[in-house]
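The structure appears right after this line, and notes come after that.
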Amino acid sequence: MNWLLAAILLPVAGIALIWVLGDATRGPARWIALATSVLTLVLALGVVRSHIVQSQPTAAGEKIDLAESFADSGDPAVAVDAAPPTFDRYWIKSYGVEVRLAFGLDGLSLWMFGLSALLVFTCVLVSWEAIEDRAPTFYALLLLLETGMLGVFAARDIIVFYVFFEFTLIPLFFLIGIWGYEDRRYAATKFFVFTLAGSLLTFLGLLSIVLWNFYHGAEGVLDFSFDGVAKALAVQPIPAHLQIWIFLALFAGFAVKVPLFPVHTWLPLAHTQAPTAGSVLLAGILLKIGCYGFVRFNLSMLPDASITCMPWLLGLSVAGIVYGALVALAQSDMKRLIAYSSVSHLGFCMLGIFSLNRLGVQGGVLQMINHGLSTGGLFAVIGMVYERYHSREISEFGGLARRMPILAFFMLLFTFSSIGVPGLNGFAGEFLLLSGAFQRGWAEAPESWALAGRVISVFAVSGVILGAWYMLWLVQRVFFGPVREPTHGGAHHEVHDLNLREITALVPLVVLMFWIGLVPQHFLRPMADTLDPVAQQIAARIDSGEKSTVGPLLARETTGQEVAHVD
Amino acid sequence: MSTETIYCLLPEMMLIIAATLIYIGGVFVPGRQVWSGIAIGAVLVSGWTLYGQYTRMFWPDQHPVADAVAAAEHGSAGEVSPEYPPEPILSVAVPGPLKVDLFSQYVRWLVLVVGLIFVLMATQLAPDVQVPEYLGTLLLAITGLMIVASAQELVLLFIGLELISIPTYILLYLGRRTIESQEATAKYFFLSILSSAVMLYGFSFLYGAAGSTELLKIQDAVGGIDESSGFLWFARLSLVLIFAGLGFKVTAVPFHFYAPDVYQGTTAGNAALLSVLPKLGGLVALVRIVSFAMPGMETYAWHLALVLALVTMTLGNVVALWQDNIRRLLAYSSIAHGGYMLIGLAVAFAGASGADSASGFDGVAGMLFYIAAYALATTGTFAAVIYLGRDDRPIESVDDLAGIGRNHPWTALSLAVFMFSLTGIPPLAGFWGKLNLFAGALSIHLPGEEGDLGRYWFILLAVVGVLNAAISAGYYLRIVGVMYFRSSQRDLQADGGTGAGLAMVLCAVLVVFVGLQPNPLQVGANAAAQSARLPGGGATLDIASEQPSDVSAVAMSVAGE
């Protein structure tokens, strides 16, 4: 029995069960969905645990100094049991074409894999009462989406990754289009076409990497596996000018998915129109697939192009951070506000990742998880508010803390996590990635963009302040002050505070928020095995580029600057 | 005509016998069930004989040479690991005008599967249609395509192509008797005749060069043309004429004008027929003639195919965005997919012109895989449209589909599967088709100084291809959106017949199955592409001993790998 494969396929079994047992009502469907999601979560956690157990002895020696300061040093030694499960079998094997159906986790995908399983559990509970129309279909799609998400993060083969990457579009398209709000059809189509257009170019980029490796690589085999390609490219890298083109092709898909600043326009629409579960998963998991792709492919396989494009990527990230925050300030719709805050927060993730140093990459990846927890939680809470009042207009609310203290409590916690209050997870991630960004922008930036590097890092920090502003302002307007409630939809006397089901949905997120905030080392250590080599490889490329005259753009631009001075 | 030839043509003969029986018997015994049953039976019997041929000729078990070669290849004696399944013989020599190889096998299998679906769709036609005539003619058209697949001779090839076209004229006329239908029939008839004439004119130059209609001799003659002699120009002219003639069947862009009008004017069943049979016939003939019989012309051929592919898919997809009539929309969709298939041809021709495409993503294989995925999804879509409609009230516009996600969940699910597969979303059959085509285009490495320029062309082809796929998502999603996101405006009865429903479900199951388990089709397409490149011949078929006796065939099949 392969637990990893079981976790990925279990939701499909749940769908079959819903189809067999479910009738037109939501009764059995939601219970089956809940049971499936709990079982999947248990399996996923088991897989995650086996990785943590395995990673402990190796990671002990090399720790980041800064991250060390967060750590509690005393980890009880756990007996090393079975190796983490993997799965590898041929999918296509035909006259030289070989695609392997390969699954396995590493430090980069580990936490996202677990988080996917967790957020689906939350989503099932959040949708419990809210979804009445065609409920069996809804839960079936939710579980289908879970399989897609787990598959994306567990894939160890480029084609398998891409299959799941695009497959996630289908269930979400239906979730938004059928159960969304007033403008849902347009939102669903825009979301789908936007993402598809980008990701198809990504597909060409991925194929180019594999085919280049086939024709020019060290081994000369048509290899689609992550490890094989990364290993071969480390020996025989793609020429820098080609890397740029492939980088741009990959960028097209991943940047739309993240979404980076100029191509973010589908996101607020999709978020606002999606049902609560759709928003939670979109923000919590699906956007992260873009960041994941950047680290997995761009950073690992195209290091030279990543170095060359770093200033641009940093610039776009900061533009997204500031723009998203400013637009969030101006929103009158709670959900739309959170959606724009996602643009801002994902900018932070990308800022960290494209700082291209250990701190930045680790912080960026940690922030992916943090954002999934906090924004997932925020969308869930706002969904609960909407369920009670059928309104998301900020101006129609006030003083809800008095009516619903428990809901306000959770809202405040998620807000604090989102704005990075120390002790909660947001702080750990943001501190790491901003340290990384400053290291890159001030200490390590070459002459040619030293000023830009400083401006970028300073503006990035302003995003934290703006974040606190729009989030706290939101909380203040909606939850404090005199009680004000929408007069049209909801019947006021029925409004009740969170029930046990809703609390159950949110508590795991809160626990994780505190856990990451207080002991980030628990989460950073398993990541280090995977992320440190990536950062080291890039550091090595930067060094070699600075030494040689024909190196990547960092070195070349420095010389260009000198020529300009002579002129 | 030897016994071997007759044996190889058994599947086609079964169909022709059944067609004749239905024609004659239909005069005396009216009724639709009995003739539908016979037609379905004929296709199944034909498939059974084809299967017999396949196992007997291409998978000779306990073959000493094959085992020896396999053992030498994989190291250990006689032991073949399950990871490396044994490979079939690629080509079998048969006297006469037939080329019996895995390419023809693949196409004939595909035709029979699609043919079965067509017959199922035709089981519940409008009451005023003469069912026996319709079914008999349909079987003849299917036979024509199967003959095209195995023809090694220009005359037989042409006969096969005409055996697709002429029954199609009748089917178009039988389908529906309105003014639009007659206009569509007349339009298709005249343009089709014209295209046949153009193609024949091209054939005549080939005959002039070789003094023979056999493709093998033409290959020798065209390959031996002196560069400086003026005759090269005749070969090029011939190439262009053949492309024009067959381009009509593939609905490549300058020759596509008839398609939207004809599809809109006729019934959904006929539109399904038109979107698959001629297209497959044209592509198969192009592979047989251009990539096999005209060595030295490939460079012109791939330029031609590449430009046609670029224009065809872009125009088809962009214009489809504005269509409201479902058959017209699918006509443009089918034009666009013709463009994608031309990508495969361009890659195949460039590969034959000496480009290094050793990656295993073969142009012909990609085209074959793609057309299978396309044929299943498109016929399935038309089957669903038939199933939802009624004789007096067929589905006309996209909006007619509103709300069927709620009222007819299985039909809607099938349609959604077809739409996503046509867009190329994994894990459905269409995705693997696109993977093959785009990977093939990206893996072209042309030699020489112009090689780089050629590469850029193919990269451009791939980029335009994927952008087109994104554009096509626009109109395919519109159909999905209408079905699921809107409430129904009219009460759909869905009494288009169980046959159509069955055809639809069959297509949907196959599309999903190929998507999840693409390996069998991929291996089949790759093996077919390999065999299409061989000069013919190979193992001689000896029916008595039930084993091919020629050693060189096995060696060839291994060398080709």
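The values are calculated or read from the model by the stated rules, or taken from the named source; none is laboratory data. None of the values given here were measured: they were computed from a predicted structure. Cβ: placed from backbone, ideal geometry, glycine included. Neighbour counts: every protein chain shown.
Conditions tested, residue by residue: (1) in contact (Cβ under 8 Å) with a residue 40 or more places away in the chain; (2) within 29 Å of A:SER300 (Cβ to Cβ); (3) outside any helix (DSSP H, G or I).
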| site | (1), (2), (3) |
| --- | --- |
| A:ARG501 | yes, no, no |
| A:ALA505 | yes, no, no |
| A:PRO508 | yes, no, no |
| A:GLN521 | yes, yes, no |
| A:LEU524 | yes, yes, no |
| A:MET527 | yes, yes, no |
| A:ASP532 | yes, yes, no |
| A:ILE538 | yes, yes, no |
| A:ASP543 | no, yes, no |
Note to self: For region B:291-313, check the following and say yes or no: at least one residue is buried (at least 24 other Cβ atoms within 10 Å of the Cβ), more than 20 Å from B:VAL253 (Cβ to Cβ) and not aliphatic (A, V, I, L, M).
What the structure shows: yes
Of the residues in region A:300-312, those that are touching a residue at least 12 places away in the same chain (Cβ under 8 Å) and surrounded by fewer than 24 Cβ atoms within 10 Å (Cβ to Cβ) come to A:SER300, A:THR308, A:CYS309, A:MET310, A:PRO311
query: Taking the stated definitions as given, is B:PHE431 crowded, with 24+ Cβ neighbours inside 10 Å, among the hydrophobic types (A, V, I, L, M, F, W, C) and under 30 Å from B:ALA350 (Cα atoms)?
result: yes
- Qualifying residue in region A:217-226 (condition: more than 10 Å from chain B (Cβ to nearest Cβ), more than 28 Å from A:ALA135 (Cβ to Cβ), of a type outside the set (Lys, Arg) and in a helix (DSSP H, G or I)): yes
Going through region A:177-193 in order, the residues found to be hydrophobic (A, V, I, L, M, F, W, C) and at the interface with chain B (Cβ under 9 Å from one of its Cβ atoms) are A:ILE178, A:ALA188, A:PHE192, A:VAL193
Given the conditions (1) more than 10 Å from chain B (Cβ to nearest Cβ); (2) closer than 18 Å to B:GLY405 by Cβ; (3) surrounded by fewer than 24 Cβ atoms within 10 Å (Cβ to Cβ); (4) touching a Lys or Arg at 6+ places or on another chain (Cβ under 8 Å), every one holds for A:LEU141 apart from (4)
Here the qualifying pairs (Cβ atoms under 7 Å; residues six or more apart or on different chains; first in region A:154-176 and more than 10 Å from chain B (Cβ to nearest Cβ); second hydroxyl-bearing (Ser, Thr, Tyr) and assigned to a helix (DSSP H, G or I)) come out as A:ALA154/A:SER109
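Conditions tested, residue by residue: (1) within 12 Å of another protein chain (Cβ to nearest Cβ); (2) under 15 Å from B:TYR263 (Cβ atoms); (3) touching a residue at least 24 places away in the same chain (Cβ under 8 Å).
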position	(1), (2), (3)
B:GLY363	no, no, yes
B:GLY366	yes, no, yes
B:ILE371	no, no, yes
B:GLY380	no, no, yes
B:ASP392	no, no, no
B:VAL398	no, yes, yes
B:LEU401	no, no, yes
B:ILE404	no, no, yes
B:HIS408	no, no, yes
Residue within region A:255-266 that is closer than 30 Å to A:PRO136 by Cβ, of a type in the set (Phe, Trp, Tyr), within 14 Å of another protein chain (Cβ to nearest Cβ) and in contact (Cβ under 8 Å) with a residue 40 or more places away in the chain present = yes
Here the qualifying pairs (Cβ atoms under 7 Å; residues six or more apart or on different chains; first in region B:178-207 and free of Cβ contacts under 8 Å to residues at least 12 places away in the same chain; second surrounded by 14 or more Cβ atoms within 10 Å (Cβ to Cβ) and part of a helix (DSSP H, G or I)) come out as none
Just one listed residue, out of B:VAL558, B:VAL514, B:VAL505, is assigned to a helix (DSSP H, G or I), at pLDDT below 70 and out of contact with any Gly (no Cβ under 8 Å at 6 or more places or on another chain), and it is B:VAL558
The lone condition A:SER37 fails out of (1) among the hydroxyl-bearing types (Ser, Thr, Tyr); (2) surrounded by 15 or more Cβ atoms within 10 Å (Cβ to Cβ); (3) at pLDDT below 90 is (3)
Taking the criterion of being of a type outside the set (A, V, I, L, M), in a loop (DSSP other than H, G, I, E, B) and at pLDDT below 85, would at least one residue in region B:100-123 satisfy it? no
Being touching a strand residue (DSSP E or B) at 6+ places or on another chain (Cβ under 7 Å) and crowded, with 23+ Cβ neighbours inside 10 Å is the requirement here; does A:PHE224 meet it?
yes
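Here's the yes/no breakdown for (1) surrounded by fewer than 24 Cβ atoms within 10 Å (Cβ to Cβ); (2) modelled with pLDDT of 90 or more; (3) assigned to a helix (DSSP H, G or I); (4) out of contact with any His (no Cβ under 9 Å at 6 or more places or on another chain):
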position	(1), (2), (3), (4)
B:VAL318	yes, yes, yes, yes
B:LEU329	no, yes, yes, yes
B:SER333	no, yes, yes, yes
B:GLY339	no, yes, yes, yes
B:LEU342	no, yes, yes, yes
B:ALA348	no, no, yes, yes
B:MET367	no, yes, yes, yes
B:ILE371	no, yes, yes, no
Of those in region B:445-472 that are more than 7 Å from chain A (Cβ to nearest Cβ) and in contact with a Gly (Cβ under 7 Å, 6 or more places away or on another chain), the residue surrounded by the fewest Cβ atoms within 10 Å (Cβ to Cβ) is B:PRO447
Filter region B:522-536 for residues that are surrounded by fewer than 24 Cβ atoms within 10 Å (Cβ to Cβ) and aliphatic (A, V, I, L, M); the one that is nearest to the other protein chains (Cβ to nearest Cβ) is B:VAL523
**Asked** Can you find a residue in region B:191-210 that is farther than 26 Å from B:ASP261 by Cα and of a type in the set (S, T, N, Q)?
**Response** yes
If you go through A:VAL120, A:VAL124, A:VAL97, the only one that is within 14 Å of chain B (Cβ to nearest Cβ) and β-branched (Val, Ile, Thr) is A:VAL97
Among the residues of region B:389-424, the number that are assigned to a helix (DSSP H, G or I) and either closer than 28 Å to B:ASN468 by Cα or touching a helix residue (DSSP H, G or I) at 6+ places or on another chain (Cβ under 6 Å) (or both) is 19
For region B:411-444, the count of residues that are away from chain A (no Cβ under 11 Å) and more than 20 Å from the chain's Cα centre (by Cα) equals 3
